[in-house]
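K.L.:
Mind looking over this structure? Questions follow.
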Amino acid sequence: MSLHVYNSLTRQKEEIVPLTPGQIGMYVCGVTAYDQAHVGHARSALVFDVIRRYLTFRGYRVRFVKNFTDVEDKIIARAAETGEDWRSLTERYIRAYQEDMAWLGVAPPERPGYAPRATEHIPEMIALIERLLTAGMAYTVDGDVYFAVRRFPRYGRLSGRELEDLQAGARVEVDERKRDPLDFALWKASKPGEPWWDSPWGRGRPGWHIECSAMSMKYLGETFDVHGGGQDLIFPHHENEIAQSEAATDQPFVRYWIHNGFVNIDSAKMSKSL
């Protein structure tokens with residue numbers, strides 16, 4: 001009997017046909033380690049744990065990769081707010097998340113390498129950004145590197161948005177130095193007190209979106225079967241992942257996109273602020 005999933009990319013149910021018969025490569029966006037996990041995180045973790053277990057039950061060998069974002073704007077802001085070193089802050093929240101998952105019965109990664117941390121993959125991110133610069137899909141400004149959205153004609157395919165209708169939203173940084181308000185950061189020049197790594201463009205740190213592209217492709221290849229995450233990640237995060245990945249490789253990035261819904265309370269999305 002065939003197995004079908006709802007593919008967010010095509011907006012229809014499709015039969016899963018793995019790239020490699022009998023095997024499925026699956027990447028799920030993990031938490032940003034700046035606070036305790038909440039019930040919404042638990043829902044996503046349980047959804048994809050069930051999918052992973054069911055695929056295994058159906059006889060597939062599943063390579064399941066779920067990352068930790070351990071360098072990002074929210075982490076830096078929380079560390080500055082509390083006075084805690086950003087490294088110890090992320091380590092503390094990653095441990096707390098792992099304890100929560102164990103309590104919920106969520107299966108741990110098949111092996112430690114399949115729970116990658118962004119800070120352990122800076123060289124892969126730099127290499128991916130260099131490919132985009134070489135391809136003319138990115139540009140540098142004062143130590144920052146931006147992806148040129150309008151040079152990727154398929155942008156908006158996942159979210160169903162047209163470039164002409166898009167505005168610089170809450171998670172798209174507004175910067176007058178950018179050629180277009182929709183261009184997003186691949187690399188950010190470091191400011192005083194921020195974490196940094198050496199790069200061809202100077203000291204800095206990766207943008208959020210490039211982290212998942214680099215980590216997923218390292219463990220699953222330039223094209224893989226399934227990418228998952230909460231529906232709030234469809235835009236801009238997953239849209240940007242597709243754009244930068246396919247612009248760099250000239251290959252399809254992911255074949256099946258699966259997104260879980262929100263935990264709603266009184267018809268409103270549950271959030272930390274509520």
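The values are calculated or read from the model by the stated rules, or taken from the named source; none is laboratory data. All figures in this text were calculated on a predicted structure; none of them were measured in a lab. Every residue, glycine as well, gets a Cβ built from its backbone with ideal geometry; the counts of neighbours run over all protein chains shown. We work out accessible area using only protein heavy atoms, side chains counted, and drop any ligands, DNA or RNA first. Shrake-Rupley method; radii C 1.70, N 1.55, O 1.52, S 1.80 Å.
K.L.:
Taking the range 218-243 on its own, how many of its residues are over 23 Å from residue 182 (Cα atoms) and crowded, with 21+ Cβ neighbours inside 10 Å?
P.N.:
6
K.L.:
I need the full set of residues from the range 61-89 which are open to solvent by 10 Å² or more (accessible area, probe 1.4 Å) and under 23 Å from residue 111 (Cβ atoms), in order please.
P.N.:
Once the filter is applied, which keeps residues that are open to solvent by 10 Å² or more (accessible area, probe 1.4 Å) and under 23 Å from residue 111 (Cβ atoms), the range 61-89 yields 61, 62, 63, 64, 66, 68.
K.L.:
I'd like the full set of residues that are in contact with an Asp or Glu (Cβ under 6 Å, 6 or more places away or on another chain) and part of a helix (DSSP H, G or I), limited to the range 224-274.
P.N.:
Within the range 224-274, just 249 meets the criteria.
K.L.:
Among the candidates 110, 124, which residue alone is touching a Lys or Arg at 6+ places or on another chain (Cβ under 6 Å) and in contact (Cβ under 8 Å) with a residue 12 or more places away in the chain? I'd like the intermediate steps shown before the answer.
P.N.:
Details: 110 fails: touching a Lys or Arg at 6+ places or on another chain (Cβ under 6 Å).
Sole residue among the options that is touching a Lys or Arg at 6+ places or on another chain (Cβ under 6 Å) and in contact (Cβ under 8 Å) with a residue 12 or more places away in the chain: 124.
K.L.:
Which one of these is modelled with pLDDT under 95, surrounded by 14 or more Cβ atoms within 10 Å (Cβ to Cβ) and not hydrophobic (A, V, I, L, M, F, W, C): 114, 146, 97? Walk me through it before giving the result.
P.N.:
Numbers: 146 fails: modelled with pLDDT under 95; 97 fails: modelled with pLDDT under 95.
Every option except 114 fails the conditions.
K.L.:
For the structure I just gave you, tell me whether residue 246 is open to solvent by 10 Å² or more (accessible area, probe 1.4 Å) and touching a residue at least 60 places away in the same chain (Cβ under 8 Å).
P.N.:
It is true that residue 246 is open to solvent by 10 Å² or more (accessible area, probe 1.4 Å) and touching a residue at least 60 places away in the same chain (Cβ under 8 Å).
K.L.:
If you check residue 270 against the conditions, is it open to solvent by 10 Å² or more (accessible area, probe 1.4 Å) and at pLDDT 95 or above?
P.N.:
No: the conditions fail for residue 270.
K.L.:
For residues in the range 117-143 being under 20 Å from the mean Cα position of the chain (by Cα) and among the acidic types (Asp, Glu), which is surrounded by the most Cβ atoms within 10 Å (Cβ to Cβ)? Reasoning before the result, please.
P.N.:
Restricting attention to the range 117-143, the residues satisfying the condition of being under 20 Å from the mean Cα position of the chain (by Cα) are 117-132, 137-138.
Then drop every residue that is not among the acidic types (Asp, Glu), which leaves 120, 124, 130.
Working: 120: 13, 124: 18, 130: 16.
Among residues in the range 117-143 that are under 20 Å from the mean Cα position of the chain (by Cα) and among the acidic types (Asp, Glu), the one surrounded by the most Cβ atoms within 10 Å (Cβ to Cβ) is 124.
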